Amino acid sequence: MHYLIINADDLGLSSGVTRGILEAHARGVVTSASAMPNMPGFSGAVQDASAYPDLGIGIHLTLTAGMPVLPPPAVDSLVDRTGAFLRRPLRQCLFGSEHHVHREWEAQIGAFLASGLRPTHLDSHHNVHLYPPYLDIACRLAGKYRIPALRMIRPDDPPIRQVPVPLRYWYSALLRRSVKRASRAGLEFPDRMASLTGGTEPQQMQARLEAFLAEIAGGRGIAELACHPGYVDEELAGLSALCRERETDLAVLCSETTRSALEKSGLRLVSYGIFSELHPDDRWARR
């Protein structure tokens, strides 16, 4: 791989998460972030991120955290009695109305664009955009709003290799279909993908990162390492089960050990903006 995107998910989820992501960019190796336009902290995150023009920012399409951008009655298949999104990804995928998903995601993209930002890519909270019917929606919206790239997970990527065998076959079949669908839509996506997050022990996460670097170093193409740096605060505790792991991610991403490992790998750190840079005349390139 010649290029590595290190993308921090959940910008705007809470003030502590936003602060951690921006610190991981300023002091560490994060090059890209995915923002949540449905969150109350989104506008503050946009304002804070304006101090870091080299940070590429995409849209973290959301169905499983916080409130919808649209009035809850307009997307009632996606929300509970309080008007908040249902938090179980499987529930949303199996029973959510595709029409409601399309309307809500388009509203989230509209809220992002209204902030003055131009998105480098699309991905989603809990990767619900990889569910085939919802991937169709994401692809159509990417085309409509000229968003050139999205996150993709392939059947042989590390997150899938960790899935127990019976489920792994199902996930692999789903992802093969998703890769073909995104390719037909003309979208760009990384050649490999891994996730740093998964524990609270820095040594374990450091080893995971270095194993992925060893796997991709010397190859060609673009890889993505997803991560979730942040500081735990009361706001976060009410929105996400992923808490202390975020502080572990932050420590690893800002460590000298990580910076040294990246320098030795020979990889060029980039954001999702690399796709527009490499294909400036492509029909998906931002104008």
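Which residue fluctuates most in the GNM of the chain (Cα springs below 10 Å): 12, 83, 28?
The residue with the greatest mean-square fluctuation here is 83.
Hull surface divided by four, with the convex hull built on the Cα atoms of the chain: how many nm²?
Over all viewing directions, the chain projects a mean Cα-hull area of 13.9 nm².
Return the single residue from 132, 164, 190 with maximal mean-square fluctuation; model: Gaussian network over the chain, springs between Cα atoms under 10 Å.
164
In debye, nearest 20, what is the charge dipole magnitude of region 159-260 about its Cα centre with +1 on Lys and Arg Cβ and -1 on Asp and Glu Cβ, if you could check?
920 debye
What is the dipole size for region 132-210, taken about its Cα centre, with +1 at each Lys and Arg Cβ and -1 at each Asp and Glu Cβ, in debye to the nearest 20? Write down the numbers at each step before the final one.
Working: 14 positive and 7 negative charges, 101 e Å.
The calculation lands at about 480 debye.
Counting other beta carbons within 10 Å of each residue's own, what order do 27, 151, 87 fall into, fewest first?
Numbers: 27 13, 151 25, 87 17.
Ascending Cβ contact count within 10 Å gives the list 27, 87, 151.
Please give the Cα centre distance for region 7-55 versus region 76-128, rounded to the nearest Å.
19 Å
Considering the dipole of the chain built from charges on the beta carbon (Lys and Arg +1, Asp and Glu -1) around the Cα centre, which of 100, 31, 42 is farthest to its positive end?
It is 100, whose Cα lies furthest towards the positive end.
Which net charge results when you count Lys and Arg as +1 and Asp and Glu as -1 among the other residues whose beta-carbon is under 15 Å from that of residue 266?
+1
Please list the non-local residues whose amide H lies under 5 Å from the amide H of residue 63, H modeled 1.01 Å from N, same-chain partners needing a gap of 5 or more.
Result for residue 63 returns 125.
Among 137, 147, which comes first, then next, by fewest other beta-carbon atoms within 10 Å?
Fewest-to-most ranking of 137, 147: 137, 147.
Based only on other Cβ atoms within 10 Å, what is the fewest-to-most ordering of 101, 79? Don't skip to the answer; put the middle values down first.
On the way: 101 25, 79 22.
The most exposed by this proxy come first: 79, 101.
In the neighborhood of residue 19, defined by Cβ-to-Cβ distances under 10 Å, what is the net charge if each Lys or Arg adds +1 and each Asp or Glu adds -1?
Summing Lys and Arg as +1 and Asp and Glu as -1 gives -3.
Quick one: which residues, 5+ away or cross-chain, put their amide H under 5 Å from the amide H of residue 6? H built at 1.01 Å from N.
Here 31, 32, 225, 270 satisfy the definition.
Which one of 202, 222, 232 has its Cα pushed farthest toward the positive end of the charge dipole of region 199-275, where Lys and Arg give +1 and Asp and Glu give -1 at the Cβ?
The one lying farthest along the dipole's positive direction is 222.
Using a Gaussian network model of the chain whose springs link C-alpha atoms within less than 10 Å, name the residue from 247, 224, 277 with the highest mean-square fluctuation.
Highest fluctuation of the listed residues: 277.
Placing +1 at every Lys and Arg Cβ and -1 at every Asp and Glu Cβ, with all other atoms neutral, what dipole size does region 3-278 have around its Cα centre, in debye to the nearest 20?
Values: 28 positive and 29 negative charges, 200 e Å.
Once rounded to the nearest 20, the dipole reads 960 debye.
Enumerate the calculated ³J(HN,Hα) couplings along region 40-51 in order (Karplus 6.51 cos²θ - 1.76 cosθ + 1.60, θ = phi - 60°), each rounded to whole Hz, writing x wherever the residue is Gly or Pro.
Those phi angles translate into x, x, 5, 4, x, 5, 4, 4, 5, 5, 4, 6 Hz.
Taking Cα pairs under 8 Å and at least six residues apart, what relative contact order does region 3-278 come out at, in percent?
26 percent
A short reminder: the numbers here are calculations on the coordinates, not readings from a lab. Keep in mind it's a predicted model, so treat the numbers as computed, not measured. Quick reminder, even Gly has a Cβ in these numbers, built from the backbone with ideal geometry, and neighbours come from all protein chains shown.
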